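Below is one structure, written out as structure tokens; comments come after it.
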Amino acid sequence: MRTGIVIGDGTYILTVNAALMEARTGGNYRFATITYNDGSVATGSILGKNVSKDLAVLKLLTDATHKPLSIDFQGLPAIAETVAILGYPYATIGFPTAYLGIANVRVDTLDFSVKYIETNVVVGPVSGGSPIVSTSGEVIGLLVENTSLLLGDPVPKYAYALSMDDVRKAIQDMGISLS
């Protein structure tokens, strides 16, 4: 189980590809079960995946029931900006956590257009898909587990996220329109 966020018109779920990989092994699955923080459950079709960026987008098979978060933030956090990672790092639905830390930007990537937001936040074992939020409440990145685009080694126990600019570009590259 991983965290994800409701986006677009409320019928899209943004999460990490790792969430789909652990859901089923073998075969080519096109659907996933989504459990919300209030315990309600929905089914979503898998619209797209980007393995190198560790992102996946699902589309609900039902109407929207939860308010979406904005992924419109542009740019990168300021150096040493205070951020929070929100989610369910220990798969405890209904008991979200918030971890505070500072953010820095790593630009040493195989794809120079991709930048990781590196935080000194120590996260739980299934934190992928959690939003990184600024002190003003904006979602500035999405926590990923696959940092294969990073040239150097990730700092042990630090959390890494893709910026919302990179997330939106990956969604666009998947051919997904959120409207």
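Under the condition of being touching an Asp or Glu at 6+ places or on another chain (Cβ under 9 Å) and buried (at least 17 other Cβ atoms within 10 Å of the Cβ), which residue from segment 70-96 is farthest from residue 15 (Cα to Cα)?
Only one residue fits best here, namely 76.
Scan segment 114-166 for residues that are within 11 Å of the chain's Cα centre (by Cα), more than 19 Å from residue 56 (Cβ to Cβ) and not in a strand (DSSP E or B) and jot them down.
None; the set is empty.
Can you tell me how many residues within segment 37-73 are touching a helix residue (DSSP H, G or I) at 6+ places or on another chain (Cβ under 6 Å) and part of a loop (DSSP other than H, G, I, E, B)?
Here the count works out to 5.
Among (1) modelled with pLDDT under 90; (2) within 20 Å of residue 167 (Cβ to Cβ), which single condition is residue 93 missing?
It fails just one condition, (2).
Right, residue 139: β-branched (Val, Ile, Thr), crowded, with 23+ Cβ neighbours inside 10 Å and at pLDDT 95 or above or not? Even if it seems obvious, please write down each step before you answer.
Values: β-branched (Val, Ile, Thr): yes; crowded, with 23+ Cβ neighbours inside 10 Å: no; at pLDDT 95 or above: yes.
Spelling it out, it is not the case that residue 139 is β-branched (Val, Ile, Thr), crowded, with 23+ Cβ neighbours inside 10 Å and at pLDDT 95 or above.
Which of the residues spanning segment 123-154 are out of contact with any strand residue (DSSP E or B) (no Cβ under 7 Å at 6 or more places or on another chain) and touching a residue at least 24 places away in the same chain (Cβ under 8 Å)?
124, 125, 126, 138, 145, 146, 148, 152
Within segment 104-113, can you find the residues that are of a type in the set (A, V, I, L, M, F, W, C) and either part of a loop (DSSP other than H, G, I, E, B) or at pLDDT 90 or above (or both)?
Of everything in segment 104-113, those that are of a type in the set (A, V, I, L, M, F, W, C) and either part of a loop (DSSP other than H, G, I, E, B) or at pLDDT 90 or above (or both) turn out to be 107, 110, 112.
Can we say residue 95 is without any contact (Cβ under 8 Å) to a residue 60 or more places away in the chain and under 14 Å from residue 3 (Cβ atoms)?
Yes, satisfied.
For segment 59-100, what are the residues that are within 24 Å of residue 18 (Cα to Cα) and among the hydroxyl-bearing types (Ser, Thr, Tyr)?
Result: 62, 70, 88, 90, 92, 97, 99.
Among the residues of segment 50-66, count how many are more than 28 Å from residue 102 (Cβ to Cβ) and surrounded by fewer than 18 Cβ atoms within 10 Å (Cβ to Cβ).
Looking only at that region, the number is 8.
Condition test on residue 18, is it outside any strand (DSSP E or B), at pLDDT below 90 and out of contact with any His (no Cβ under 8 Å at 6 or more places or on another chain)?
Numbers: outside any strand (DSSP E or B): yes; at pLDDT below 90: yes; out of contact with any His (no Cβ under 8 Å at 6 or more places or on another chain): yes.
Taking the combined requirement at face value, the residue satisfies it.
Restricting to segment 85-114, name every residue that is under 18 Å from residue 133 (Cβ atoms) and either not hydrophobic (A, V, I, L, M, F, W, C) or not assigned by TED's automatic domain parsing to the domain that holds residue 127 (or both).
Passing the criteria: 87, 88, 89, 96, 97, 99, 101, 104.
The values are calculated or read from the model by the stated rules, or taken from the named source; none is laboratory data. These numbers were taken from a predicted model, which means no experiment stands behind them. All Cβ positions, even for glycine, are placed from backbone atoms using ideal geometry, and neighbour counts span all protein chains on display.
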